[in-house]
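Colleague: Have a look at this one.
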Amino acid sequence: MSMQSSDILPAKQARSRNRLGKKQQQRIWNTVTFIVLCGVVVPFVLPFLWMLSTSFKTLDQTVRFPPEWLPSPWMWENYPLSLTEIVPLYRYFWNSIVYSVPATCFAVFSSAIVAYGFAKFRARGRQAMFMIVLSTLLIPYPVVMIPQFILFQRLGWIDTYLPLIVPNLFASPFLIFMLRQFMQGVPSEILDAARIDGAGVIGTFWRIILPLSKLGLIAASILTFSANWNDYLGPLLYINSRDLFTLQIGLTSFVAHRGTSHWELLMAASVLATLPVLIIFFVAQKAMMQGIVVTGLK
């Protein structure tokens, strides 16, 4: 018994040392990973911080060399001035909302319908059709830009938001792929039980698929809204009237008027332009990350 006890004690001590060694290695690895990630993030964060800092400066401070990071004094009035002083940015904010919100809702909902079909319906040629849909992602936008412009011109849709909103009724290949991957994780037994209870195709989609795909829909909505909100080429092609300019075109108009002589106002306007996307992202950050991770795993 004494021999066995003497053998067990060194074994326990060795296991304890191994656990401590692994914890130490994990801490070192976590520290190295954190330092590397901070180094990667810095080039992306610095321009935003400089824009934020410049938005609170006076015009003289924006052109000083060497540059100053902290404004003195803090010019809070740059923000209300940027909305009204040179161009009516408040109007362009509203125009961007009028364009981005319907386009996002239509794109996500129509893509969810198509993704549901590809994920849960069995039909001959389904996989081939899905590959054809995905292959459209490889087509560069300049290839279809001129034919689309001619089509919308003949329909009389130029200088309206219709060319920007109506195409979203026909789904997005990227969103179809993303939501299909998510919907494939919904157990088929739940759908079978819904059919037994008398739910039809539409009822199953509306009451079962959409609620269970909430995380994927949130992630798709945020990505789509961000793309529409920051869209520059689409409004530039189809919008001619100044009263219909979106925010991104409005910022260009800002520069065209007197933006190069009012960097502080331009930076304040740029900060305001990024706020809606930042607010939506931080509010729904957890759901978005979970939706993307689950989609990738599926």
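What follows draws every value from the coordinates through simple rules; no lab data is involved. Small disclaimer: the values here were computed from a predicted structure and weren't measured. Methodologically, a virtual Cβ is constructed for each residue, glycine included, from the backbone with ideal geometry; neighbour enumeration extends over all protein chains shown.
Colleague: Loop by DSSP (not H, G, I, E, B), at most 15 other beta-carbon atoms within 10 Å: where is the longest site-free stretch of the chain for GluC sites (Glu not before Pro)?
Modeller: 78-298
Colleague: Just checking my list [x] 26.9, 97; [y] 20.1, 64; [z] 24.5, 90 against Rg and Dmax of the Cα atoms in Å computed from this structure; which label fits?
Modeller: [x]
Colleague: Do any chymotrypsin sites (Phe, Trp or Tyr not before Pro) in region 203-244 lie in a loop, going by DSSP, with at most 14 other beta-carbon atoms within 10 Å of their beta carbon, and if so which?
Modeller: Loop-located and lightly packed - Y232.
Colleague: So what is the relative contact order for the chain, in percent, with contacts set as C-alpha pairs under 8 Å and at least six apart?
Modeller: In percent, rounded to a whole number, it is 30.
Colleague: Spin-label point model (7 Å from Cα, Cβ direction): what's the W206 to R124 distance in nm?
Modeller: 3.3 nm
Colleague: With point charges of +1 on the Cβ of Lys and Arg and -1 on the Cβ of Asp and Glu, referenced to the Cα centre of the chain, which listed residue (A273, L137, L237) lies farthest in the positive direction of the dipole?
Modeller: L137
Colleague: If I stretch the segment between L49 and L169 completely, what's the gain in nm (0.36 nm per residue apart, minus their alpha carbon distance), one decimal?
Modeller: Full-extension gain reported as 39.4 nm.
Colleague: If you don't mind, another one. So how far, in whole Å, is the C-alpha centre of region 205-261 from the one of region 71-121?
Modeller: What the calculation gives is 5 Å, centre to centre.
Colleague: Using Cβ contacts closer than 10 Å as the measure, can you line up L175, L223 from fewest to most?
Modeller: Result, fewest neighbours first: L223, L175.
Colleague: Compute the label zone of T252 within region 208-241: residues whose backbone N is under 20 Å from the point 7 Å along Cα-to-Cβ.
Modeller: 226-241, by backbone N distance to the label point.
Colleague: Modelled label-to-label distance, I113 and L151, 7 Å Cα→beta-carbon offset: nm?
Modeller: A separation of 1.7 nm, rounded to one decimal place.
Colleague: For a footprinting-style exposure proxy, rank Y92, Y161 by other Cβ within 10 Å, fewest first.
Modeller: Fewest-to-most ranking of Y92, Y161: Y161, Y92.
Colleague: About the Cα centre of the chain, what is the dipole size in debye to 20, counting +1 per Lys and Arg Cβ and -1 per Asp and Glu Cβ, all else neutral?
Modeller: Computed charge dipole of the chain: roughly 1460 debye.
Colleague: Would you kindly state how much longer the chain becomes between E77 and N240 on full extension, computed as 0.36 nm times their sequence separation minus their alpha carbon distance, in nm to one decimal?
Modeller: 55.6 nm
Colleague: For the chain, set up a Gaussian network in which alpha carbons nearer than 10 Å are linked by springs, and say which option among M267, M178, M75 fluctuates the most.
Modeller: Result for the chain, Cα springs under 10 Å: M75 fluctuates most.
Colleague: Would you list T246, T274 from fewest to most Cβ contacts within 10 Å?
Modeller: So the residues, fewest neighbours to most, are T274, T246.
Colleague: With a point put 7 Å past each Cα toward its Cβ, work out how far V98 is from F34 in nm, to one decimal.
Modeller: Once both label points are built, they end up 4.9 nm from each other.
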